[in-house]
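None of the figures in this text is laboratory data; all of them are computed from the coordinates on show. These figures come from a predicted structure and were not determined experimentally. Glycine gets a Cβ as well: all are built from the backbone with ideal geometry, and neighbour counts include every protein chain shown.
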Amino acid sequence: MKVLGIETSCDETAAAVVEDGCRILSNQIASQVDIHARYGGIVPEVASRQHTLSIMPIIERAMSEARVTWDDLDGIAVTIGPGLAGSLLTGVNVAKAISLGRGLSITGVNHLEGHIYANWLTGDSLDLPLVCLIVSGGHSDLVLVKGHHDYVLLGQTRDDAAGEAFDKASRLLGLGYPGGPAIERAARSGTVSIPLPRAWLRGSHDFSFSGLKTALLRLVEDGKITSAQDAAASFQEAVVDVLVTKTVAVAREYHVKQVLLAGGVAANSRLRQSLTEASPLPVLVPEPILCTDNAAMIAACGYFQFRAGKTDSLDMDVIPNLRLT
């Protein structure tokens, strides 16, 4: 079964063709990073207009790379949330038009669930139940995956998500946008030498990074940061320490068989290394291009939804605040 995936939840216009939920035939992404970098963050209206310009060329490139025609496709999977309303609408409306015009089944996909299913594209076998750490610009979630589309949210951020914390720290240190990659680059030439706090929230699987961000802000304001590289390395280590420690604790508590890492922050090499070394269980991590927003993960998730008999009608709508559970 060949599924066309469409992803426009934020600032990446993406399309992909995936076969049987695990084999990538194409995965095309049009990034808007350079456009938004001049503003120091994503401007929703600009993102929406850029999606409108990029969506059809990206779909055509994905189908060309996959060497498929419309007649070869079995269905369309499109992100319906969470995300920016205007961006989501572009992808959903195009998917509806194609579904109507070509007579293809359509299914709406939760963007966070898509990140989980990026792990089905690694080529490794997955053994349920498992726990997945989803870390991105807007989310830091610990999810128990009991089966396909069967989740229990065990922990989430109470304030800043990990990716958001990286963005703010990068801005404070003058390292540029996007913050995650900027912090990681600077950290490579720095040392973990600045004591920064960890919010453990004892008795809870939740996360909190706002206090860490505030601690860095105070150091910057007091002129106590003499090396942006050392500050980046110390900040990154504080975030990774909490993420890894809580994930390993949950994996042990719930007696799962595997640990998954997903989301844009999962591309961070220090997080990948630290979780792999600390976990007593096998850890699966998609390659970096499948951690950041992409349509292959949406198509993979869509395949399993189609297989379970889930399709949507053409009156489905976007849900900017859509929850996983």
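Volume of the convex hull of the chain (Cα atoms only), normalised per residue: 121 Å³. For Ser105, the residues whose modelled amide H falls within less than 5 Å of its own, excluding neighbours fewer than 5 places apart on the same chain, are Ile76.
Rounded to the nearest Hz, the phi-derived 3J(HN,Hα) couplings of segment 5-22 under the Karplus curve 6.51 cos²θ - 1.76 cosθ + 1.60 (θ = phi - 60°) are x, 10, 10, 9, 6, 9, 10, 10, 9, 9, 9, 8, 10, 10, 9, 6, x, 9, where x marks glycine and proline. What is the distance in Å between the Cα centres of segment 84-163 and segment 55-74? One Cα centre to the other: 22 Å.
Taking 25 Å as the straight-line reach from the Cα of Lys168, the lysines in range (excluding those fewer than 8 positions away in the same chain) are Lys213, Lys224, Lys246. Contact order, relative form, for the chain: 26 percent (alpha carbon pairs under 8 Å, 6 or more residues apart, mean separation divided by residue count).
Hull volume per residue, based on the alpha-carbon atoms of segment 48-193 and their convex hull, is 186 Å³.
If the reach is capped at under 16 angstrom between alpha carbons, list the lysines near Lys257, excluding any in the same chain fewer than eight residues apart. Within the straight-line cut-off, Lys257 pairs with Lys146. Estimated at 0.36 nm per residue, the fully extended path between Leu100 and Trp70 surpasses their Cα-Cα distance by 9.6 nm. For Lys2, the lysines whose Cα falls under 21 Å of its own Cα, not counting residues fewer than eight places away in the same chain, are Lys96, Lys310.
Residues of segment 302-318 falling in the label zone of Ala85, defined by backbone nitrogen less than 19 Å from a point 7 Å along Cα to beta-carbon, are 315-318. The modelled label-to-label distance between Asp241 and Leu281, using points 7 Å beyond Cα along the C-beta direction, is 2.5 nm. Residues in segment 43-55 carry Karplus couplings, in order, of 9, x, 5, 5, 4, 4, 5, 5, 4, 4, 6, 9, 4 Hz; the curve used is 6.51 cos²θ - 1.76 cosθ + 1.60 with θ = phi - 60°, and Gly or Pro positions show x. Segment Arg158..Ser189, full-extension length gain: 8.0 nm, with 0.36 nm per residue of separation and the alpha-carbon distance subtracted.
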